[in-house]
Amino acid sequence: MRLFNAWEMGQDQTKHQIEKGLHLYQSNQTEKALRVWMRVLEKSADPAGRFRVLGCLITAHAEMGRYKDMLKFAVVQIDTARELEDPDYLTESYLNLARSNEKLCEFQKTISYCKTCLNMQGTTVSLQLNGQVSLSMGNAFLGLSIFQKALECFEKALRYAHNNDDKMLECRVCCSLGNFYTQIKDYEKALFFPCKAAELVNDYGKGWSLKYRAMSQYHMAVAYRKLGRLADAMDCCEESMKIALQHGDRPLQALCLLCFADIHRSRKDVQTAFPRYDSSMSIMTEIGNRLGLIQVLLGVTKCWMIQKELDKALESIEKAQELAEGLGNKLGLLKLHCLCERIYRTKEQQRELRDHVVKFHECVEEMELYCGMCGESIGEKNNQLQALPCSHFFHLKCLQTNGTRGCPNCRRLSVKPGYV
């Protein structure tokens, strides 16, 4: 009986220390919170308590951009979940492992771990995590420029959010959809979704972390810049950066610095843009955001091109190309081939020009970045797009003109070659 009471007291003590850490973390005393949680991890013999404190450590390290530490704790959490022999714990730990790999831009691993989560036979608790799993998988497919599958995952995540009345998840999905439509250049939708996220924060986010507001403001800033509304972009980015600095959110600080640099480049103020690109690159390198580094190097390349420093532009392209090939980021490669085409056209180097034109079109074909109705490219300029239930997307004007009698892309895929 005494042993049982001691075990119960240990559980209560673990719970108390975890709550103490959460209070410190929410008060922006992050390092103190981490020390409290690490002590719990070292001393607690309660597997459920260890599992919960590992979840706190994973979340904290994610928000600080310490992704390798996040991954390390996620691996330990899986071992703890196996010890507990509970499918709900195991599903949550695999989700954290997927998210860790997503942050480190290991997109194939992310997809694999997400599929493991979806195949788990847990309770309703596990099923409620499926929305977060679908979101993480969508982000990974987007990192690989597999747009149809990314959109399919985001729409699933949105359905889970609506069915479970999960406004936080809905907010995160809206931000990812904003990123999705930014990449394929439907800038009206790229603005609509983060604006929707900002509405959710205003209507339901009284007790939420300020990171949700900062995240929506950042994605609005990106869309405003793409639409040429630079003053609005600057206002949103400044608000996002203010919150990121208050909370020590290094990943968001890096993204805001990149956005500031892009705004200055759009104003042709290259001298102001360069140091912001450098600062963003420094943080991206530190935290391991290789996808972000590609975007920084694309911006730097465009600055060199504005200054007609074409050899320096090619040096930046070479670095970005190595990263994009390593990640399997096809859209990044397409953009780099497009910039090379412009540079070699200016330098009148015909052989290199032809090489990059061919590679550009190969990327377009591989990503299916063309409208299945008119055959014209998607993602070359701002265009209103519309997705069908299969998640193939087309020019809105083409759907309005031709109607939606099934998906032409799906029809083509279903036609098997016969014998001649």
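The values are calculated or read from the model by the stated rules, or taken from the named source; none is laboratory data. Small disclaimer: the values here were computed from a predicted structure and weren't measured. Cβ: placed from backbone, ideal geometry, glycine included. Neighbour counts: every protein chain shown. Just the protein is used for accessible areas: all its heavy atoms, side chains included, with ligands, DNA and RNA removed. Shrake-Rupley method; radii C 1.70, N 1.55, O 1.52, S 1.80 Å.
Brief remarks on what is shown
- Of all residues making up region 171-185, the number that are modelled with pLDDT under 95 and either buried (at least 24 other Cβ atoms within 10 Å of the Cβ) or acidic (Asp, Glu) (or both): 0
- Among the residues of region 270-295, those that are within 15 Å of residue 225 (Cβ to Cβ) and either out of contact with any helix residue (DSSP H, G or I) (no Cβ under 9 Å at 6 or more places or on another chain) or open to solvent by less than 60 Å² (accessible area, probe 1.4 Å) (or both) comprise 272, 273, 277, 280.
- Scan of region 383-420 for residues that are modelled with pLDDT under 80 and among the charged types (D, E, K, R), ordered by number: 405, 411, 412, 416
- Filter result (open to solvent by less than 10 Å² (accessible area, probe 1.4 Å) and within 13 Å of residue 224 (Cα to Cα)) within region 186-201: 186, 190, 194
- Once region 222-249 is narrowed to residues that are hydrophobic (A, V, I, L, M, F, W, C) and within 21 Å of residue 31 (Cβ to Cβ), the residue that is surrounded by the fewest Cβ atoms within 10 Å (Cβ to Cβ) is 245.
- Residues in region 117-154 that are open to solvent by less than 40 Å² (accessible area, probe 1.4 Å) and among the hydroxyl-bearing types (Ser, Thr, Tyr) were compared, and the one that is modelled with the lowest pLDDT is 126.
- Any hit, region 18-29, residues being in contact with a Gly (Cβ under 7 Å, 6 or more places away or on another chain) and open to solvent by 20 Å² or more (accessible area, probe 1.4 Å): no
- Residue count for region 34-75 satisfying the condition of being more than 24 Å from the chain's Cα centre (by Cα) and part of a helix (DSSP H, G or I): 17.
- Residue check for residue 42: open to solvent by 10 Å² or more (accessible area, probe 1.4 Å) and closer than 19 Å to residue 286 by Cβ: no
- Filtering region 339-382 to residues that are at pLDDT below 90 and open to solvent by less than 30 Å² (accessible area, probe 1.4 Å) leaves 364, 367, 369, 371, 372, 378, 379.
- Subset of region 45-77 that is β-branched (Val, Ile, Thr) and crowded, with 19+ Cβ neighbours inside 10 Å - its residue that is modelled with the lowest pLDDT: 53
- Annotation note: of 156, 211, the sole residue that is of a type in the set (Lys, Arg), closer than 28 Å to residue 128 by Cα and without any contact (Cβ under 8 Å) to a residue 60 or more places away in the chain is 156.
- Checked against the criterion of being on the phi < 0 side of the Ramachandran plot, basic (Lys, Arg) and open to solvent by 10 Å² or more (accessible area, probe 1.4 Å), region 330-337 contains one or more residues that satisfy it.
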